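Heads up: the structure comes next, in structure tokens.
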Amino acid sequence: MYMRRGNFIAIGRGDILHVMAINGSPRREWNTATLLKQALAGAAAEGARTKLVHLYDLRYRGCVSCFSCKKKGIPHGVCAMRDELSPVLERMQTADVILFGSPIYLMNLSSGMSACMERFLYPGTIYSDAVPSVFPKKIGTGFIYTMNMTEEQVRSYELEQKWEIYHFFTKAVLGIEPKVLYSYDTRQFSDYTQYESSRFSAADKQHRYEEQFPKDCQAARKLGEKLAQEAADR
């Protein structure tokens with residue numbers, strides 16, 4: 001269990017509660033990044049140290065199916081590929097909470113986030129029914145999804161069930177059921193007149209942004225607070 005020391009939560013050996021946020025959007029200052037920052041602010045309010053990583057700042061690839069993480073006689077749980085994502089993956093292994101944020105492209109996670117999830121989760125499991133996970137510790141996680149689709153559209157296409165596969169593997173490897181926040185019908189552009197977007201009403205988008213997005217930000221902050229609290233109690 002973590003003990004509060006000054007402005008931080010620390011465990012017995014003096015370590016600090018660490019919360020990471022992984023931004024799977026190419027944008028550093030838009031919907032996904034904003035919600036992740038709010039979640040980190042919530043965790044920081046609980047005494048955690050926080051870090052935000054922008055995946056699209058890095059040069060890396062997804063899994064290349066080398067199976068090095070499955071070979072006998074070598075340590076499991078670490079991706080053998082070495083690139084600019086490698087130090088991020090190593091830091092993620094030592095985090096107490098990880099927040100994954102992704103916009104929805106073509107009804108799925110961004111390619112950058114999907115590649116990161118492959119590299120992070122796949123080495124944590126081996127093909128053994130007796131040992132479902134070789135990940136060294138349990139980590140609390142949260143998923144934040146932003147999208148242009150409405151909640152009704154997401155449900156009509158049964159997309160939540162599709163994205164749940166990421167939650168399933170995250171729980172299987174990291175040992176804790178993830179928490180999820182959906183931000184629907186987000187504003188894609190600051191000025192809709194500059195883009196071909198006749199399908200949408202710029203006025204409706206702006207109204208939605210002003211009315212709903214602050215609520216999503218508040219929900220993201222509460223998500224960060226809750227995950228930090230739960231990590232402190234483990």
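The values are calculated or read from the model by the stated rules, or taken from the named source; none is laboratory data. Here the structure is a predicted model, which means the values were calculated and not measured. Glycine gets a Cβ as well: all are built from the backbone with ideal geometry, and neighbour counts include every protein chain shown.
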Checklist entry - If we keep just the residues of segment 25-50 that are farther than 15 Å from LEU227 by Cα and among the basic types (Lys, Arg), which is surrounded by the fewest Cβ atoms within 10 Å (Cβ to Cβ)? => result ARG28
Next on the checklist: If the requirement is being more than 17 Å from the chain's Cα centre (by Cα), in a helix (DSSP H, G or I) and not aliphatic (A, V, I, L, M), which of these qualifies: PRO132, PRO123?
Outcome noted: PRO123
Checklist entry - Hey, among VAL154, VAL180, which residue is closer than 25 Å to ALA95 by Cβ and of a type in the set (Val, Ile, Thr)? => result VAL180
Checklist entry - Would a scan of segment 179-198 turn up a residue that is in contact with a helix residue (DSSP H, G or I) (Cβ under 7 Å, 6 or more places away or on another chain), closer than 25 Å to MET81 by Cβ and in contact (Cβ under 8 Å) with a residue 12 or more places away in the chain? => result no
Checklist entry - Quick check: anything in segment 118-141 out of contact with any Ser or Thr (no Cβ under 6 Å at 6 or more places or on another chain), among the polar types (S, T, N, Q) and under 28 Å from GLY42 (Cβ atoms)? => result no
Checklist entry - Of these, VAL53, VAL64, VAL19, which one is touching a residue at least 12 places away in the same chain (Cβ under 8 Å), closer than 16 Å to SER114 by Cβ and crowded, with 18+ Cβ neighbours inside 10 Å? => result VAL53
Next on the checklist: Just to verify a result, which residue in segment 73-93, among those that are in contact with a Pro (Cβ under 9 Å, 6 or more places away or on another chain) and not small (Gly, Ala, Ser), is modelled with the lowest pLDDT?
Outcome noted: HIS76
Next on the checklist: Suppose we filter segment 178-194 for residues that are β-branched (Val, Ile, Thr), farther than 22 Å from LEU121 by Cα and not in a loop (DSSP other than H, G, I, E, B); how many remain?
Outcome noted: 1
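One line per residue, one yes/no per condition, for (1) under 21 Å from PRO103 (Cα atoms); (2) of a type outside the set (Lys, Arg); (3) surrounded by 12 or more Cβ atoms within 10 Å (Cβ to Cβ); (4) out of contact with any Pro (no Cβ under 8 Å at 6 or more places or on another chain):
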| position | (1), (2), (3), (4) |
| --- | --- |
| ILE165 | yes, yes, no, yes |
| VAL180 | yes, yes, yes, yes |
| ASP185 | yes, yes, yes, yes |
| GLN188 | yes, yes, yes, yes |
| ALA203 | no, yes, no, yes |
| TYR209 | yes, yes, yes, yes |
Checklist entry - Can we say GLY77 is buried (at least 20 other Cβ atoms within 10 Å of the Cβ), touching a Phe, Trp or Tyr at 6+ places or on another chain (Cβ under 7 Å), touching a residue at least 40 places away in the same chain (Cβ under 8 Å) and among the small types (Gly, Ala, Ser)? => result no
Checklist entry - Does segment 31-82 hold any residues that are among the hydrophobic types (A, V, I, L, M, F, W, C), closer than 17 Å to SER102 by Cβ and not in a loop (DSSP other than H, G, I, E, B), and which are they? => result ALA33, LEU35, LEU36, ALA39, LEU40, LEU52, VAL53, LEU55
Item to check | Filter result (closer than 18 Å to GLU29 by Cβ and among the aromatic types (Phe, Trp, Tyr)) within segment 167-191 | outcome: PHE189
Next on the checklist: Can you tell me which of (1) out of contact with any strand residue (DSSP E or B) (no Cβ under 9 Å at 6 or more places or on another chain); (2) closer than 23 Å to SER68 by Cα; (3) in contact (Cβ under 8 Å) with a residue 24 or more places away in the chain is the one THR170 doesn't meet?
Outcome noted: (1)
